[in-house]
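Enquirer: Take a look at this one; I'll ask things after.
The values are calculated or read from the model by the stated rules, or taken from the named source; none is laboratory data. None of the values given here were measured: they were computed from a predicted structure. Ideal geometry is used to build each Cβ from the backbone, glycine not excepted, and the neighbour counts take in all protein chains shown.
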Amino acid sequence: MTSGQGRHIGIWANSWSAFVGGLFSGLIVGIVFVVCADTIADAVRQPSCDDPGDLVLVSPTGSPEVSSFAAEFRGTNLTDGSTASSWAVLSSLAIGETATFEFTDPVDLQLICVVNGAPTNVVTYMLAGKVRSLAVRTDGSEVGQERLSPLAVLPESEIQNRQELDFDEGSTRSVTLTIRSTYDGLGTVDPEREPPQFRKPPGRTALAEVEFYRE
């Protein structure tokens, strides 16, 4: 081997070593970046009704106090853990109706979720009116002020999904929900008609479930 060939081989070997070293370093940096990015994402991910994370479901004391209810659609249905039952009021009187929940001791509330309407099945969901917006008051709310939360009418495959409320997070012993606006349902079925026909609203406006989560 000539001295010139040796120099070329040496240069090539050094270049290859530098390339492999750089590739390896880049791979390590990439892995570290991905791991750190996932860790940061987990740290900043906010609890939601779909994934409350480390928040703890907490139950109010006793039955909620409701301003009124229609037939068997009592306020107790709001916290029975079942979307097959609901609290309902007459749609013509729904605006301003309230449901108040009390806790024995102050709780650090961080998340409130509701199931809108009467989602036992698609038919009951379509028939009942639904809440368009709820005002939320806690012990932390300023006097004369309330937080307004818009609620959606969901597609058929999502009617039992939870929707998150906007409220003053923190320590409270009570939560009051007030219906501020509504969506009309199809009404109720008139069984004396053949074939059965819908009675147009006013029918009932329903809210199926309310869930509370604390730190």
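Enquirer: I'm trying to understand the selection: among the residues of region 137-172, which are part of a strand (DSSP E or B) and of a type in the set (A, V, I, L, M, F, W, C)?
Expert: Passing the criteria: only Leu148.
Enquirer: Kindly evaluate Ser85 against the criterion of being closer than 30 Å to Ala128 by Cα and either in a helix (DSSP H, G or I) or at pLDDT 95 or above (or both).
Expert: Yes: the conditions hold for Ser85.
Enquirer: Next question, about the same structure. Is it true that Val115 is among the aliphatic types (A, V, I, L, M) and surrounded by fewer than 20 Cβ atoms within 10 Å (Cβ to Cβ)?
Expert: Considered against the rule, which asks whether it is among the aliphatic types (A, V, I, L, M) and surrounded by fewer than 20 Cβ atoms within 10 Å (Cβ to Cβ), Val115 comes out as no.
Enquirer: Report the residue count in region 78-118 for those that are under 19 Å from the mean Cα position of the chain (by Cα), of a type in the set (Gly, Ala, Ser) and farther than 12 Å from Pro60 by Cβ.
Expert: 7
Enquirer: With respect to Val114, is the statement that it is closer than 24 Å to Thr176 by Cα and modelled with pLDDT under 95 true?
Expert: Details: closer than 24 Å to Thr176 by Cα: yes; modelled with pLDDT under 95: no.
No: the conditions fail for Val114.
Enquirer: Across region 62-93, what is the number of residues that are among the hydroxyl-bearing types (Ser, Thr, Tyr) and surrounded by 17 or more Cβ atoms within 10 Å (Cβ to Cβ)?
Expert: The qualifying residues number 5.
Enquirer: Something else now. Taking region 185-215 only, how many residues are of a type in the set (Val, Ile, Thr) and either modelled with pLDDT under 55 or in contact with a helix residue (DSSP H, G or I) (Cβ under 6 Å, 6 or more places away or on another chain) (or both)?
Expert: Residues flagged as of a type in the set (Val, Ile, Thr) and either modelled with pLDDT under 55 or in contact with a helix residue (DSSP H, G or I) (Cβ under 6 Å, 6 or more places away or on another chain) (or both) within region 185-215 amount to 2.
Enquirer: Something else: Evaluate the following for Thr138: is it exposed (fewer than 15 other Cβ atoms within 10 Å of the Cβ), among the β-branched types (Val, Ile, Thr) and farther than 25 Å from Glu72 by Cβ?
Expert: So Thr138 does not fit the description; no.
Enquirer: Hey, among Glu158, Glu102, which residue is at pLDDT 95 or above and in contact with a strand residue (DSSP E or B) (Cβ under 9 Å, 6 or more places away or on another chain)?
Expert: Step by step, each of Glu158, Glu102 is checked, and only Glu102 is at pLDDT 95 or above and in contact with a strand residue (DSSP E or B) (Cβ under 9 Å, 6 or more places away or on another chain).
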